[in-house]
1. Pick from 114, 130, 99, 153: which is closer than 24 Å to residue 17 by Cα and more than 10 Å from the chain's Cα centre (by Cα)?
2. Give the range 10-25 a look and list any residue that's of a type outside the set (Val, Ile, Thr), modelled with pLDDT of 90 or more and surrounded by 16 or more Cβ atoms within 10 Å (Cβ to Cβ), or say none.
3. Tell me, please, whether a residue that is surrounded by fewer than 18 Cβ atoms within 10 Å (Cβ to Cβ) and over 19 Å from residue 137 (Cβ atoms) can be found in the range 90-98.
4. Taking the range 92-104 as the search range and keeping residues that are of a type outside the set (Gly, Ala, Ser) and in contact (Cβ under 8 Å) with a residue 40 or more places away in the chain, which one is nearest to residue 63 (Cα to Cα)?
5. How do the pairs read when you match residues in the range 115-129 that are surrounded by 13 or more Cβ atoms within 10 Å (Cβ to Cβ) with residues anywhere that are in a loop (DSSP other than H, G, I, E, B) and at pLDDT 85 or above, using Cβ under 7 Å and keeping only pairs 6 or more apart or on different chains?
6. Determine which member of the set 40, 101, 70 is loosely packed, with under 12 Cβ neighbours inside 10 Å, on the phi < 0 side of the Ramachandran plot and at pLDDT 85 or above.
7. Note down all Cβ pairs under 7 Å where the first residue falls in the range 143-157 and is without any contact (Cβ under 8 Å) to a residue 60 or more places away in the chain, the second is surrounded by 15 or more Cβ atoms within 10 Å (Cβ to Cβ) and of a type in the set (S, T, N, Q), and they're at least six residues apart or on different chains.
8. Does residue 28 fit the bill of being of a type in the set (Gly, Ala, Ser), over 12 Å from the mean Cα position of the chain (by Cα), in a helix (DSSP H, G or I) and at pLDDT 90 or above?
Amino acid sequence: MTALTAAEPTIDRTAVRRRVLPAAIGSAVLAIALIAVGVWGAGAADPDAWLEFLTMSALVVVAELAVFGWLVPRALRRRATGPTALALALPALLLTPFVFWTGLPAVLGTGGLVLGLAGARDARRRGLAVAATVISILALIGYVAVYVSDWLVNNGF
């Protein structure tokens, strides 16, 4: 005899869009603004500065589409926020010192934060969601701190 289970409740697309769109725009603005600081913040820009800026900005847009156009909405609709949030938050934190100049830590960290905050209300996996929220916040703080320290060093402070 097979057991019948109720389908997991899902969130409608409008509610998902309301949660995702502001975070996606915010993380894109943060990442692209800090990439601009990294490229031109030290004063004398190299001749390929625009190419570097446009390449890294395009990478941010592609990452935004993957994270906020597919992964985060899918996790929110399926209410699988805790594990997915952690899967975004950990790389954001661990990769920040190595790939901060790509903007990826901002995108991954913000995606982890959105899912972590959404999952904090779910009693079943609250621990994962809270952990992902904390890790995402640390990743975003670290991301900004790397750019601030880089700017300070390059400008003689």
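1. Going through 114, 130, 99, 153 in turn, the sole match is 130.
2. Result: 23, 24.
3. Yes, some residue in the range 90-98 is surrounded by fewer than 18 Cβ atoms within 10 Å (Cβ to Cβ) and over 19 Å from residue 137 (Cβ atoms).
4. 104
5. Filtered contacts from the range 115-129: 126/120; 129/120.
6. Testing whether each residue is loosely packed, with under 12 Cβ neighbours inside 10 Å, on the phi < 0 side of the Ramachandran plot and at pLDDT 85 or above leaves just 70.
7. Once the first residue is without any contact (Cβ under 8 Å) to a residue 60 or more places away in the chain and sits in the range 143-157, its partners that are surrounded by 15 or more Cβ atoms within 10 Å (Cβ to Cβ) and of a type in the set (S, T, N, Q) give 146/96.
8. no
The values are calculated or read from the model by the stated rules, or taken from the named source; none is laboratory data. Please read all numbers here as calculations on a predicted model, not as lab measurements. Every residue, glycine among them, receives a Cβ derived from its backbone with ideal geometry; neighbour counts consider all protein chains shown.
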